[in-house]
1. Among LYS56, LYS76, LYS81, which is the only one that is more than 19 Å from VAL34 (Cα to Cα) and modelled with pLDDT under 90?
2. Which condition does ALA89 not pass, out of (1) closer than 18 Å to ASN108 by Cα; (2) modelled with pLDDT of 90 or more, if it passes all the others?
3. Applying the selection to the stretch 40-98, what residues are outside any loop (DSSP other than H, G, I, E, B), within 16 Å of PRO29 (Cβ to Cβ), open to solvent by less than 60 Å² (accessible area, probe 1.4 Å) and not hydrophobic (A, V, I, L, M, F, W, C)?
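The values are calculated or read from the model by the stated rules, or taken from the named source; none is laboratory data. Since we're looking at a predicted model, the values are computed, not measured. No Cβ is skipped: glycine too gets one built from the backbone with ideal geometry, and neighbour counts run over all protein chains shown. For accessibility, only protein heavy atoms count, side chains too; no ligands or nucleic acids. Shrake-Rupley method; radii C 1.70, N 1.55, O 1.52, S 1.80 Å.
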Amino acid sequence: MMIQRLAGIAMLAVLSGTALVANAESGDPQQGKVKFQGCMGCHASPYATNAYPTFKFPKLGGQHPEYIVAALKAYKSGERKHKTMVFQAGSLSDQDMLDIAAYIATLNGQ
């Protein structure tokens, strides 16, 4: 009985992950490239840093689309705090987030 429950939980986790991947993959990388232009000043330069407090901006290339979408939604809702990112994500639609995430995934760690 316990093994069946664990198997059911594992199957649910796999199906949930598959749904996330399918959802993230529904983004259009070409549209995402256009929508990512405003992000490039910080997230595409290896030497870009914040003025105060000083820190390097994270490079996003190759990041999992599910993570990007989740992070953008968290900034938009205010769950994640960063004034610039809250402002940037605030105007994005769900489709914008999917498109940007699909484009970022094509950058392969750049």
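1. LYS56
2. Going through (1) closer than 18 Å to ASN108 by Cα; (2) modelled with pLDDT of 90 or more one by one, ALA89 breaks only (1).
3. HIS43, PRO65, GLU66, ASP96
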